[in-house]
Amino acid sequence: MSRRRVAITGARGYAGSHIAAAIERREHVVIELVRRPAEGATRPQIPFDLDRGVEPAALRAAGVDALVHVAWDFRPTRPEEIRRVNGEGSIRLFDAFEAAGGGTGIFISTIAAFDGCKSHYGKIKREVEDAALRCGYWVARPGLIRGDTPGGIVGTMLKFVRNSPVVPILGYGRRVLNPVSANELSAGVAQLVEEPPAGTDEALVVFAHPQRLSLDQVVRELIEEHHLGHRLLVPLPWQPVWLGLRAAERFGLSIGLRSDSVISLMNQDPNPPIRPRPWLIP
């Protein structure tokens with residue numbers, strides 16, 4: 001396999017940083033698409049913003065021949081704004097990559113994106129999936145991403161558990177989730193970079209273990225793994241928590257957990273299409 005020049009959005013985020021490192025381990029060149037390129041950066045950088053896009057000429061000049069789109073702007077909370085910034089912004093990125101000459105594309109979606117999903121996050125990710133598939137890209141749906149230093153929704157859970165001896169467990173802790181480690185996800189995505197999908201039916205890849213964990217198990221494992229001592233776990237219905245977060249958002253307040261994230265967490269795909277592959281999770 002020839003050396004690729006891979007542009008990555010969100011390369012400084014939790015999933016993106018793992019993916020970028022895994023791609024470099026396979027001896028490809030990572031080019032970061034970032035809001036504000038920094039002097040003396042260790043990797044090549046190109047100015048990019050979901051709201052404003054990227055110049056095709058910049059991608060062409062950098063010799064980009066593969067794209068991994070990980071970034072997602074979580075600041076918007078209204079559906080129309082999420083769609084405008086993230087949905088339309090993602091499609092502008094795909095168009096710019098195509099105008100620059102194109103190549104292998106990968107869109108990092110979520111296991112919360114599926115037909116019939118309820119969260120705005122999942123619905124708009126699902127719309128972007130369709131756009132990516134039309135472009136002939138891979139679509140990767142990670143499950144609940146876990147790692148030694150958790151980020152994303154698991155990182156948010158860990159902050160709550162660290163800061164409080166009393167931990168609310170939404171949905172009475174019974175909601176089941178398909179986990180994946182950050183290392184497994186990044187290694188798999190790094191392999192996808194090296195070849196385009198054989199067809200649309202093969203292009204959607206779910207990165208998750210078939211064996212599921214309840215939310216209660218996830219929280220208990222976080223407590224044990226990080227040696228947090230005794231915590232009182234209080235099972236609660238999720239709807240009142242969602243309503244409280246939604247009300248806070250309407251007043252411009254944030255406590256680090258978005259109301260739409262609760263919807264995503266509580267309404268996962270009941271039957272994710274996990275297909276065995278030789279390089280994927282057994």
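The values are calculated or read from the model by the stated rules, or taken from the named source; none is laboratory data. Computed from a prediction, not measured in an experiment: that's the story for all the values here. Heads up, the Cβs are rebuilt from the backbone with ideal geometry, glycines too, and the neighbour counts pull from every protein chain shown. Just so you know, the surface numbers come from the protein's heavy atoms only, side chains and all, with ligands and any DNA or RNA stripped out. Shrake-Rupley method; radii C 1.70, N 1.55, O 1.52, S 1.80 Å.
Residue-by-condition table, conditions (1) over 20 Å from the mean Cα position of the chain (by Cα); (2) without any contact (Cβ under 8 Å) to a residue 60 or more places away in the chain:
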residue: Arg162; (1), (2): yes, no
residue: Val167; (1), (2): yes, no
residue: Tyr172; (1), (2): yes, no
residue: Val176; (1), (2): no, no
residue: Ser181; (1), (2): no, yes
residue: Glu184; (1), (2): no, no
residue: Gly188; (1), (2): no, no
residue: Glu195; (1), (2): yes, no
residue: Ala198; (1), (2): yes, yes
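Which count do you get for residues in the range 222-264 that are over 24 Å from Ser119 (Cβ atoms) and free of Cβ contacts under 8 Å to residues at least 60 places away in the same chain?
Count: 4.
Can you tell me which of (1) free of Cβ contacts under 8 Å to residues at least 40 places away in the same chain; (2) open to solvent by less than 50 Å² (accessible area, probe 1.4 Å) is the one His28 doesn't meet?
(1)
If you take the residues in the range 38-84 that are farther than 30 Å from Trp242 by Cα and among the basic types (Lys, Arg), which one is modelled with the highest pLDDT? Break it down into steps so the answer makes sense when it comes.
Applying the first criterion (farther than 30 Å from Trp242 by Cα) to the range 38-84 yields 38-48, 52-68.
Within this subset, residues satisfying the condition of being among the basic types (Lys, Arg) are 43, 52, 60.
Working: Arg43: 95, Arg52: 90, Arg60: 98.
The extreme case among them is Arg60.
Ser164 versus (1) out of contact with any Phe, Trp or Tyr (no Cβ under 6 Å at 6 or more places or on another chain); (2) closer than 22 Å to His18 by Cα: which is the lone unmet condition?
(2)
Of everything in the range 199-256, what is of a type in the set (A, V, I, L, M) and open to solvent by 80 Å² or more (accessible area, probe 1.4 Å)? Give them in sequence order. Can you show your working first?
Just the residues of the range 199-256 that are of a type in the set (A, V, I, L, M), to begin with: 203-206, 208, 213, 215, 218-219, 222-223, 228, 232-234, 236, 241, 243, 245, 247-248, 253, 255.
Of everything in the range 199-256, those that are of a type in the set (A, V, I, L, M) and open to solvent by 80 Å² or more (accessible area, probe 1.4 Å) turn out to be Leu232, Leu243, Leu253, Ile255.
Just wondering, is there one or more residues in the range 114-121 that are polar (S, T, N, Q) and assigned to a loop (DSSP other than H, G, I, E, B)?
The initial filter retains those residues of the range 114-121 that are polar (S, T, N, Q), namely 119.
Now narrow it down to the ones that are assigned to a loop (DSSP other than H, G, I, E, B): 119.
There is at least one residue in the range 114-121 that is polar (S, T, N, Q) and assigned to a loop (DSSP other than H, G, I, E, B).
How many of the residues in the range 166-216 are among the charged types (D, E, K, R) and more than 27 Å from Arg3 (Cβ to Cβ)?
Keep residues of the range 166-216 that are among the charged types (D, E, K, R), which gives 174-175, 184, 194-195, 201-202, 212, 216.
Checking the rest, the ones that are also more than 27 Å from Arg3 (Cβ to Cβ) come to 174-175, 201, 212, 216.
The number of residues fulfilling the criteria is 5.
Which pairs do you get when a residue that is under 21 Å from Asp73 (Cβ atoms), found in the range 31-42, comes within reach of a residue that is open to solvent by 20 Å² or more (accessible area, probe 1.4 Å) and of a type in the set (Lys, Arg), reach meaning Cβ atoms under 8 angstrom, with the pair 6+ apart or on two chains?
Correct list of pairs: Ile31/Arg5; Ile31/Arg43; Glu32/Arg12; Glu32/Arg43; Val34/Arg12.
Among Ile19, Ile23, Ile8, which is the only one that is open to solvent by less than 30 Å² (accessible area, probe 1.4 Å), of a type outside the set (Phe, Trp, Tyr) and in a strand (DSSP E or B)? Reasoning before the result, please.
Working: Ile19 fails: in a strand (DSSP E or B); Ile23 fails: in a strand (DSSP E or B).
Answer to the check: Ile8.
Could you tell me whether any residue of the range 172-182 is open to solvent by 10 Å² or more (accessible area, probe 1.4 Å), under 30 Å from Val29 (Cβ atoms) and outside any loop (DSSP other than H, G, I, E, B)? Don't jump to the end; show me each part of the working.
Applying the first criterion (open to solvent by 10 Å² or more (accessible area, probe 1.4 Å)) to the range 172-182 yields 172, 174-176, 179, 181.
So of that shortlist, the ones also under 30 Å from Val29 (Cβ atoms) come out as 181.
If we keep only those that are outside any loop (DSSP other than H, G, I, E, B) too, we end up with 181.
Yes: one or more hits.
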